[in-house]
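Inspection log for the structure reproduced underneath, given as structure tokens.
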Amino acid sequence: MKKGTLLKSLALLGAATLLVACSNNSTDTKSDVEETTTTTMEKKDDSQKEMMMDLQDGTYKAESEYDSHDNKIMHTIVVKDGKITESDFDYYSKDGNMRKTENEEYNKNMKEKSGVSSKESIEQLNAGLLEKQSADVEVVTGATHTSENFKNSTEALLKAASEGNTETVSFEIVE
């Protein structure tokens, strides 16, 4: 009987030691992950700042492929004196005759469904770019895909503007 109690006690002690040892390592790992994430974010911010500081004057255009709804994104920025002075982002129908921001029925339906129209979200994103002078614009609630596509096109445009590349650049669309 004493032998069984002794074995149970040793097993319990071993399990407790293992648990304590593992929990100390997970704290260190969490700190390492936080430190790595912070460093990576700082590097991204630094590279974006460097890119922003060297924007060359000109008109820059980005364009996506057509999405599953037969729309493509066209985004144009104008850089003057090294600053973005204009931003025109919109989705265009395959026939080329309609911008989403001008489609009253689509805007009405989107506003009812998500609380914000395409026109309102795109106006906010364009204004955010002019204000922040970077792709780090605030995501518009109810227009997550549009916000992500805006950021993607802006990053492509900033790269082009930092290189002085005035040819139309392509970027991946998010659906």
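List the residue pairs whose Cβ atoms are under 8 Å apart, where the first residue sits in segment 86-105 and is closer than 22 Å to Tyr60 by Cα, the second is at pLDDT below 90, and the two are 6 or more positions apart or on different chains.
Tyr92/Met98
Here is a check on your reading of the model: is Lys80 among the charged types (D, E, K, R) and modelled with pLDDT of 95 or more?
On the way: among the charged types (D, E, K, R): yes; modelled with pLDDT of 95 or more: yes.
Taking the combined requirement at face value, the residue satisfies it.
Could you check Ile77 against (1) within 27 Å of Asp54 (Cβ to Cβ); (2) without any contact (Cβ under 8 Å) to a residue 40 or more places away in the chain and say which number it fails?
Ile77 satisfies every listed condition except (2).
Can you list residue pairs whose Cβ atoms sit under 6 Å apart, with the first residue in segment 108-127 being under 17 Å from Glu148 (Cα atoms) and the second being buried (at least 18 other Cβ atoms within 10 Å of the Cβ) and of a type in the set (D, E, K, R)? Count only pairs 6 or more apart in sequence or on different chains.
Partner pairs satisfying both residue conditions: Ser118/Lys100.
The values are calculated or read from the model by the stated rules, or taken from the named source; none is laboratory data. Because the structure is predicted, anything quoted here is derived from the model rather than measured. Because the Cβ atoms are built from the backbone with ideal geometry, glycine has one as well, and the counts that use them run over all protein chains shown.
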